[in-house]
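Data first, discussion second: the structure below is written as structure tokens.
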Amino acid sequence: MEKKEQIEILKTVDKNMMDSIGNRKFKLDFFLVFFAILMMFIAIYSFNHFYPYIHEVYHQRLNTFFGRALSYIILTTLVFQIVFLIYIVYLYLKYKPISSVSDEELPTCTIIVPAYNEGKLVYSTLLSIAASNYPKDKLEIWAIDDGSKDNTWYWINKANKELNHNLKIHQQPRNLGKRQALYKGFKEGKGEVFITIDSDSIVESDTVRNLVSPFVADENCGAVAGNVKVLNKKQAIIPKMLNVSFVFSFEFIRAAQSTLGFVLCTPGALSAYRKEAVMNVLDRWINQKFAGEIATIGEDRAMTNMILEQSYNVLFQKNANVLTNTPTQFENLHKMFTRWARSNVRETLMMNRFIFKNFRKNNKAGARFIYFNQWMKILMAIPLTLLMLYFILTYPTFYIISALTGTFVFSSIQMLFFSKQYNFVESLWAYPYSIFYLFGLFWIAPFAILTVKNGGWLTRQ
């Protein structure tokens, strides 16, 4: 057989293979869209089926001055959220992660790993960082034991020994908190970029270089949020559900925010900061107070706010992945969510200092729109919870139908997004997670508002 004929045969085979792959992808996409529409149709049909009952409730309780006012408020909130979702979709479609730059362009980095009672987990974290595809002469790794009561210090030393004592290690005299541990790294670190990584997390080989490349591509980049994924998703039901939630939160919400350069929170699990931006606010950050008390939680959100206030862009890198352990028990889960919610309330209040000023050249309107959405969720949390409890006690059927309809619609959005990115079967966990949150975690937001002054870590012993 002549070489020309062989080439033609290979071209035909390749074309057939690509056609086959394309057909399978089309069928899968069609099925995903069909399934999402079906689930939303079932929810809407259920709502419509019970509409006479809902209509009866309206005339009995809501067809009054206060009832109509309440209906208008709820309708306004719903319309606002729909408009906001459309805007976020628009921003998401414009998002693209920044590609890795060359070794020569990469900045020097100080990676800070604070650890408290993490045991062997910190050992795995440090080894994964050391294995990064990053010039070794540009990498400084700090491991800081924050006064652990277990064998964390042993595992830090073991990792250091295996890495030829190339780590910088420090043991706090007592447990001073994560913020103080990071402060030690910020003060001592020599890198042009600071990177923080949680001690129960694993980074991929190209994570670090992808994470810091935006600082080279964008001279106004002050911070970068990494893409946090669930490491222990096969361990229990809660991590399986959180896996879908995390993907939506990072790869959709933060990706959209990144288009504006206005990512609200760089996560503790994986974040990078321009050294200059950190040093400008370091004293204010370490001494931050809220309601007269020293702030001990939400150090990542606080640092993000202070960097945004300096007119820097805060971006998200989808291609900078970190795998982290999540709670497997309900108790630890709701404590983690409570801590996050308190931090969100506090830092949304703190944004009042600069959000209405000329704090940046571009995208101020978009940034303020995101800010207003944060405020709406805070302002409506307690009233909606009280309203929910009222309907549960008086019209339980009305509440369950309405809540499940909204839940299934939102879950279908999450499911469709996750399945397009990853796996259809795993995406179905969006439905039980939304129901679980609706009935088991609905109280988090109002509770966090009422106890926002409390600063306990909650998940640490």
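The table below gives the values:
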| read-out | value |
| --- | --- |
| Tally of residues being closer than 21 Å to Thr304 by Cα and among the charged types (D, E, K, R) across the range 147-189 | 5 |
| Flag if Glu293 is crowded, with 21+ Cβ neighbours inside 10 Å, touching a residue at least 24 places away in the same chain (Cβ under 8 Å) and not polar (S, T, N, Q) | no |
| Tally of residues being in contact with a Phe, Trp or Tyr (Cβ under 6 Å, 6 or more places away or on another chain) and surrounded by fewer than 24 Cβ atoms within 10 Å (Cβ to Cβ) across the range 197-219 | 1 |
| Filter result (within 26 Å of the chain's Cα centre (by Cα), farther than 26 Å from Gly261 by Cβ and polar (S, T, N, Q)) within the range 67-92 | Thr77 |
| Residues of the range 93-135 classified as loosely packed, with under 14 Cβ neighbours inside 10 Å, among the hydroxyl-bearing types (Ser, Thr, Tyr) and under 22 Å from the mean Cα position of the chain (by Cα), total | 1 |
| Residue in the range 415-424 that is within 23 Å of the chain's Cα centre (by Cα), aliphatic (A, V, I, L, M), surrounded by fewer than 15 Cβ atoms within 10 Å (Cβ to Cβ) and closer than 20 Å to Ala236 by Cα present | no |
| Wholly within the range 349-427, helices (runs of 4 or more DSSP H) carrying at least 2 residues that are under 30 Å from Gln310 (Cβ atoms) | 364-394 |
| Cβ-Cβ under 9 Å pairs, at least 6 apart or on other chains, the range 419-445 side in contact (Cβ under 8 Å) with a residue 40 or more places away in the chain, far side of a type in the set (D, E, K, R) and assigned to a loop (DSSP other than H, G, I, E, B) | Glu426/Lys233 |
| Enumerated helices (runs of 4 or more DSSP H) restricted to the range 221-318, each holding at least 1 residues that are farther than 24 Å from Phe84 by Cβ and touching a Phe, Trp or Tyr at 6+ places or on another chain (Cβ under 7 Å) | 237-247, 275-286, 299-309 |
| Residues (surrounded by fewer than 15 Cβ atoms within 10 Å (Cβ to Cβ), touching a residue at least 12 places away in the same chain (Cβ under 8 Å) and of a type in the set (S, T, N, Q)) located in the range 349-395 | Asn362, Thr394 |
| Residues of the range 154-167 that turn out to be within 29 Å of the chain's Cα centre (by Cα) and not aliphatic (A, V, I, L, M), as a count | 1 |
| Failed item in (1) on the phi < 0 side of the Ramachandran plot; (2) surrounded by fewer than 16 Cβ atoms within 10 Å (Cβ to Cβ), with Asn157 passing the rest | (2) |
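Where a number appears in this text, it was derived from the coordinates with a stated rule and is not lab data. Here the structure is a predicted model, which is why all the values come from computation and not from measurement. Reconstructed Cβ throughout: ideal geometry from the backbone, glycine too, with neighbour counts over all protein chains shown.
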